[in-house]
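The values are calculated or read from the model by the stated rules, or taken from the named source; none is laboratory data. Nothing here was measured: the structure is a model prediction, and the numbers come from that model. Note that we place each Cβ from the backbone using ideal geometry, even for glycine, and neighbour counts take in every protein chain shown. When the accessible area is computed, the model is the full protein with side chains, heavy atoms only, and any ligands, DNA or RNA have been set aside. Shrake-Rupley method; radii C 1.70, N 1.55, O 1.52, S 1.80 Å.
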Amino acid sequence: MRRQVLLKDINVPGILSYDVYRREGGYSAVEKALRDMTPEQITEEVKLSGLRGRGGAGFPTGLKWTFIDRKSGKPVYLVCNADESEPGTFKDRYLLEHIPHLLIEGMILASYAIGANTAYIYMRGEFRWIFPILERAIAEARSAGFLGENILGSGYSLEIYVHPGGGAYICGEETALLESLEGKRGNPRLKPPYFPAVMGLYNCPTLVNNVETLATVPAIVTMGGAEYARIGVGKSTGTKLISASGHINKPGVYEIEMGLPVEEFIYSDEYCGGIWKGRKLKAVVAGGSSVPILPADLILKTAKGEPRLMTYESLADGGFQTGTMLGSGGFIVMDETTCIVRNLWNFTRFYHHESCGQCSPCREGTGWMEKVLHRIEHGEGRPHDIDLLDDVAKKIEGKTICPLGDAAAWPVSSAIRHFREDFEYHIKYPEKVKNPKHFEVEPLTPSRQLATA
Amino acid sequence: MINTFSPATLALVKRIIARYPEGKQKSALLPVLHLAQAEFGGWLSTETMDYVASLLDIQPIEVYEVATFYTMFNLKPVGKCVLEVCRTGPCMLRGSDDIIKHLEKKLNIRDGETSADGMFTLKTVECLASCGTAPVMQVGEHYIENLSCESLDGILDQIRSEH
Ligand SMILES: Cc1cc2nc3c(=O)[nH]c(=O)nc-3n(C[C@H](O)[C@H](O)[C@H](O)COP(=O)(O)O)c2cc1C
Ligand code: SF4
Ligand code: FES
């Protein structure tokens, strides 16, 4: 049995409730922290653990906590990012729905460490049924004395509130999230000067962390940062929740130890259980829709021929030429019948739809790419369209206020880099691609890209 | 007709405003807009938005610019039941295109339209964080997961019988 940190108690009947969560040892990390540890000691343990942000960027969590300006004289806020809207990602929902006390416990620890007395959970508004679950868990924790005034007689006080989003992917970006929490449109802020740690919510120092990141903190406090760091490989410590979707036999949320070989993750019955319908693997988008797509051969092995592992470093091996990113852990699998152009058109339409419109390269560029992809996919592509797409993507990348621009550009550049044949086929055989299921009828299978399991 | 919240909802609005610091009541805008949409027929009219502005002591334009930014808010009347079908990549890989086509045909409407009997509005939405149980649609409070064209007919009948 593999090491589980986040999901070890997920199947305990009633773990949703305070009583069962507590019986299983829940909130003992808060007891330990408030009785025996200073805020600095908690931050130190998180640093030692090597934990990196699970929202997508992978920034070292303990280090981020030290950026909080504690001398400003202003209130400090903790904001939990539960916006979860990166296509392919559904792991935070799993924690929120099934083990809400784990998040609350992590939020108490983080708030204490940074000196926050108010914390918000910004949750995407579509999770309507989860609001009562969280409200109830907060009320339970409060009546048990873990929230409110003078927690466990320590003199430390904390309130947690849940705040709904309104349906906008961009509000997952931390500065857009803060704008949204202030009751405004979700337009990302310029950094500098608006680094949340200094000028965040209501212009006060603010820590924004992902649900999974915060839910990992109780285990770190309980076992100690050094012990947590022993799980995993190198700088990818601990475990990670992976949301597996697409053409696999067993889609779902899996907690993996960092370092698991990708091949094992896809084909083992313990995880994805292989490609559905006995088909072959064509491509994987390994870290949510924003990261570069890789063909089968490159997701299973690096360009050097080493097994690709589920770690930040191994997935990124080879840079953008032959690698990708762990991102949010949204692992989208595509079988041999998948049309890469159609999939890319869909994603690009998504980014165009979700662009907040502040920067022209993002606003105009995503619209332009969507239009060109639409015509290629529908058999109206022109020979120079592929180069045009590549060019537009390059002109967005790195030239925008927030990373949504890059997130829209990378899938395009990588799809062209690795699947140029798919695009050329569309332009060469416009009649064939007019059937939306063109590759189901006749898979396009250049031999190097397919994995025979 | 001017809409006003029920006393119970007004009390809730007060509690929501209290979650934010003094003078930051604008933060309550999204939660209160959700309440307004739920209480006033599933969409936000100009009157409703003006009412929300007055409750939060902000300018109406501040409400309009927010309501138009977020896709969960309907700015036109909708049917009794809004079918919010996910159309993003991972759902498409598992057949959401067929689900959307099936609904369009069955209800004789296009995306964004309401069926002639006023029962259903079809609204395609982006990834609902349910890709592991794709294809999926949101109906009111809940998600209906692992959809298939075969299961849809029964689901629609059931919704009809509940309304
Ligand atoms: C366009 C965009 C969307 C994002 N969406 C999310 C999201 O849904 N959830 C999340 O936790 N982080 C999201 N992020 C990352 C956040 O900006 C931020 O880095 C993260 O919440 C920090 O938490 P962490 O350090 O614990 O990962 C997004 C970033 C961008 C640019
Ligand atoms: S990159 Fe796109 S989403 Fe981000 S601020 Fe610019 S226009 Fe808005
Ligand atoms: S793509 Fe439909 S729920 Fe994620």
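In table form, for the structure just shown:
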item	result
Alpha carbon Rg of the stretch A:356-453, scaled by the compact-globule rule 2.2 N^0.38 Å	1.19
Summed side-chain charge close to A:G56 - residues other than A:G56 whose Cβ falls under 14 Å, Lys, Arg +1, Asp, Glu -1	-3
Value at 222 nm in deg cm²/dmol, rounded to 500, when DSSP H runs of n ≥ 4 in chain B each add -39,500 (n - 2.57)	-13000 deg cm²/dmol
J(HN,Hα) series, the stretch B:85-98, from Karplus relation 6.51 cos²θ - 1.76 cosθ + 1.60, nearest Hz, glycine and proline x	9, 6, 10, 7, x, x, 6, 4, 4, 10, x, 5, 4, 5
14 Å beta-carbon shell around B:P135, net charge (K/R +1, D/E -1)	-3
Charge dipole (debye, nearest 20) of the stretch A:328-451; +1 at Cβ of Lys and Arg, -1 at Cβ of Asp and Glu	180
Among the listed pairs A:K428/B:K106; A:K47/A:K240; A:K277/B:K123; A:K240/A:K394, those beyond 29 Å (Cα-Cα)	A:K428/B:K106; A:K277/B:K123; A:K240/A:K394
Lys, Arg +1 and Asp, Glu -1 on Cβ, resulting dipole of the protein assembly as shown about Cα centre, debye, nearest 20	660
Of the GluC sites (Glu not before Pro) in the stretch A:358-453, those whose Cβ has at most 13 other Cβ within 10 Å and which sit in DSSP loop	A:E431
Folded to 0 to 90 degrees: helix A:211-223 orientation relative to chain A principal axis, Cα	50
Degrees separating the helix A:360-377 axis from the principal Cα axis of chain A, which is the longest one	40
Average beta-carbon neighbours from other chains, 10 Å sphere, peptide A:122-129	5
Trypsin sites (Lys or Arg not before Pro) within the stretch A:194-243: DSSP coil, no more than 16 neighbouring Cβ in 10 Å	A:R230, A:K235
Reduction of at least 30 Å² in accessible surface, 1.4 Å probe, comparing all protein chains with the chain by itself, residues of the stretch A:136-184	A:Y161, A:H163, A:P164, A:G166, A:G167, A:G183, A:K184
Amide H within-cut-off set for A:N210, under 5 Å, with H built and near neighbours excluded	A:R54, A:G55, A:N81
Shielding of A:342-349 by partner chains, average beta-carbon count, 10 Å	3
Sequence of A:E97, B:E141, A:E135 from largest to smallest accessible area, 1.4 Å probe	B:E141, A:E135, A:E97
Surface/4 estimate of mean projected area, convex hull on alpha-carbon atoms of the protein assembly as shown, nm²	27.2
Distance violations [Cα-Cα > 26 Å] among A:K282/A:K304; A:K434/B:K80; A:K235/A:K395	A:K434/B:K80; A:K235/A:K395
Computed FRET value (nearest 0.05) for B:D50 with A:R417, which takes r as the C-beta separation and R₀ as 30 Å	0.05
Computed lengthening from A:H374 to A:F67, 0.36 nm per intervening residue step minus Cα-Cα distance	106.1 nm
Placed amide H near A:D335: partners under 5 Å, 5+ positions off or other chain	A:H247, A:K282
Interface size B-A, as summed buried accessible area [1.4 Å probe, Å², nearest 100]	4100
Under 13 Å from B:K105, Cα to Cα: aspartates and glutamates that are on another chain or at least 8 residues apart	B:D97, B:E113, B:D153
Simple label model, 7 Å out from Cα along Cβ direction - A:H384 to A:S157, nm	6.8
Net lengthening on full extension, B:S151/B:Y64 (0.36 nm per residue, minus Cα-Cα)	27.5 nm
Lysines whose Cα lies under 18 Å from that of B:K24, excluding same-chain neighbours fewer than 8 positions away	A:K74, A:K184, B:K14
Signed unit charges on C-beta, dipole axis of chain A, positive-most listed residue A:T400, A:I10, A:P295	A:T400
Computed lengthening from A:Q321 to A:K428, 0.36 nm per intervening residue step minus Cα-Cα distance	35.9 nm
Value of [θ]222 nm, deg cm²/dmol, for chain A, DSSP H segments ≥ 4, -39500 (n - 2.57) each, nearest 500	-12500 deg cm²/dmol
Distance between modelled label sites at A:E40 and A:I10, nm, 7 Å Cα→Cβ extension	3.8
Amide hydrogen neighbours beyond the local backbone of A:V233, cut-off 5 Å, H modeled	A:G238
Disulfide-incompatible cysteines by the Cβ rule (no partner under 4.7 Å) in chain B	B:C81, B:C127, B:C131, B:C149
Approximate spin-label separation A:D269-B:N108, in nm, with each point projected 7 Å along Cα-to-Cβ	5.1
Efficiency of FRET from Cβ geometry, A:E306 and A:R2, R₀ 22 Å, rounded to 0.05	0.50
Size of electric dipole in the stretch A:74-171: Cβ of Lys, Arg +1 and of Asp, Glu -1, about Cα centre, debye, nearest 20	80
Förster radius 35 Å - calculated FRET efficiency between A:N203 and A:S17 (Cβ-Cβ, nearest 0.05)	0.35
